[in-house]
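Novice: Sharing a structure here in structure tokens format.
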Protein chains: 2
Amino acid sequence: MTTVEPPSWQSLRAAEARLINTGVPGVSVGNAVFESIVTGLRESLLRLAAPQQAQALGVPPVVSRGLLERVGYIDGFPNLVGTVYSFTGSGADWNRLQEARAATDAAWYQEQQISEVALLPATCHHIYPLFEGVDLPGPAVLTAEAHCYRHEGTHELGRLRSFRMREFVRIAAPDDCIRWRDDWMEQQRAWLTSLGLETSVEPASDPFFGSAARLMKATQREQELKFELRVPVGDGLVQAVASCNYHKEHFGEPFGIRVAGEPAHSACAAFGLERIVLALIAAHGDIPADWPQHVRSVLSLDDAGVA
Amino acid sequence: MTTVEPPSWQSLRAAEARLINTGVPGVSVGNAVFESIVTGLRESLLRLAAPQQAQALGVPPVVSRGLLERVGYIDGFPNLVGTVYSFTGSGADWNRLQEARAATDAAWYQEQQISEVALLPATCHHIYPLFEGVDLPGPAVLTAEAHCYRHEGTHELGRLRSFRMREFVRIAAPDDCIRWRDDWMEQQRAWLTSLGLETSVEPASDPFFGSAARLMKATQREQELKFELRVPVGDGLVQAVASCNYHKEHFGEPFGIRVAGEPAHSACAAFGLERIVLALIAAHGDIPADWPQHVRSVLSLDDAGVA
């Protein structure tokens, strides 16, 4: 219902919100109506968080590969990581490769080398390195939105490889982080409910891979580090559209961050924007003009001029 | 002046616009003031183009690798392409690789395979496939902004690998495309001048690579397909911050697009948002609160509450 096959240009001026698949699983283009909802979600979240006076950063969709190695992302989720390869030879090297290609089945990319760049798996990875070696006088709150990438192995509705994640991050003392995370959990639940979404909050674990997965997941649940906010997104699927997480010293330690002289802990609240739009479509239909007025109001859709 | 070394958290609450390097050349994070200028540029451009009633799309920073092969991007710019590799084995495969790593110098990424995903080199690549096989009744105008990626080999100021490109695209008959492109050229010059930037408009060519480069560049200049808007960006450098391009049938042909029964041509106007901010800083200093009132007005900086 929300993914159409090419030719898809008819969707561009449609009144329906459309996430148009590009031919690659999990990589999609939003039409203007879809994007107006994303804008509404973004602005609503920033209003919700305004009292926190978070510093708003602009972060790119790529990140240092070394950073992912350093924070243990490779060990936990090697199957989801996308690394960037490039051709680093000279023009003459390329010409030789082209001649070889004419004579054999050589692929144009066969001489590519891994670069120091990887795709960003979570928005907040860009934030902690900014505080490397810093002893903060008090808690810091930051926010950013990025296109994240995870090389997902399945392609059901909502299982995007490239998607936008808005995050709010707090770097502070342990108790402070837990309290802030728990406050966000309630705010997330209330906000999703105000959008007319049937929301459940559940203890969760990250999708660790390989031999350590079982232990890592059990520990994460036992320590109540991660909670997911799950809502129906269509096709009978219930998925996490937001989460709130207490990282303990996971990010503070590798970057040597301190707060008032003590080792820093961190927490984050994250929102998957495309999935929330899919959930809104599942709940209210794909024509935002027909959505309940209180939902349109939360998203400022009338101000934005969406008919 | 615009790139600071870590620890960089002091920049986060600064009144100065800061593009903070992440440790990887050409991959940077904007602080809140920098981002407020980006927002001002985006909104100003959308107001400027409002009469065109462009369809606004949301496009991801990754694209089908096959698409780049199909439109000839690989042949022209193999050195700038970033492709995405991932580990596609099972958990057991990963565990075996981990054991091998413990005994040898094997890298964690040595079994990665190339995926069907590449980094997006130009925003408009996401647009043409939406019209595959379509015979449009009349001209189409679209706009989108994306984080683009080019694996640049040098790292001077303004030479970003990951950067935001706002594009306006027209798919139409040849004469229509040329007229629209030329109109944009004047609008681009006037807009950049209104921002207090010393702007020159020059015939240009794309940075083709390898044996065909000289011929391709000469042809592009001879046919006046590309013009660049160049301004000082700091460090004594003058760089293209915008361009306007007539593609002829370059994109219409591979996707079989037609307009009123005739083969479609296309044109685009593109804006490099980070570079324009760098140019503004070079012209007016790094504290937007001190910029000339007419520049702040174009960027709605007073409305945005930037002190």
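Each reported figure results from applying straightforward, stated rules to the coordinates on display, with no laboratory input. Keep in mind that what you see is a predicted model, and the values were worked out from it rather than measured. No Cβ is skipped: glycine too gets one built from the backbone with ideal geometry, and neighbour counts run over all protein chains shown.
Novice: Which value at 222 nm does chain B reach when only helices count, each DSSP H run of 4 or more adding -39,500 (n - 2.57), with the total divided by all residues and rounded to the nearest 500 deg cm²/dmol?
Specialist: -9000 deg cm²/dmol
Novice: Shifting gears a bit: I need the trypsin sites (Lys or Arg not before Pro) found in the range A:10-72, filtered to DSSP loop residues with at most 15 other beta carbons within 10 Å of theirs.
Specialist: On the way: sites: A:ARG13, A:ARG18, A:ARG42, A:ARG47, A:ARG65, A:ARG70; in loops: A:ARG13, A:ARG18.
Taking the range A:10-72 and a limit of 15 other Cβ atoms within 10 Å, the loop trypsin sites (Lys or Arg not before Pro) found are A:ARG13.
Novice: Rank these for me by crowding, A:HIS294, A:HIS284, A:HIS125, going from fewest to most other beta carbons within 10 Å.
Specialist: Values: A:HIS294 10, A:HIS284 17, A:HIS125 23.
Ordered by Cβ neighbours within 10 Å, fewest first: A:HIS294, A:HIS284, A:HIS125.
Novice: OK, next. Would you work out if the protein assembly as shown is rounded, prolate or oblate? Take a ≥ b ≥ c from the square roots of the eigenvalues of the alpha-carbon gyration tensor; rounded if a/c is under 1.5, else prolate when a/b is larger than b/c, oblate otherwise.
Specialist: It is rounded, given that a/c, with a ≥ b ≥ c, falls under 1.5.
Novice: Let me know the shape class of chain A, please: from the alpha-carbon gyration tensor, a ≥ b ≥ c as square roots of the eigenvalues, rounded when a/c is under 1.5, otherwise prolate if a/b is greater than b/c, or oblate.
Specialist: The shape class here is oblate.
Novice: Sequence neighbours fewer than 8 away in the same chain don't count; with that in mind, list the aspartates and glutamates whose C-alpha is under 12 Å from B:LYS217.
Specialist: Cα-Cα hits under 12 Å: B:ASP206.
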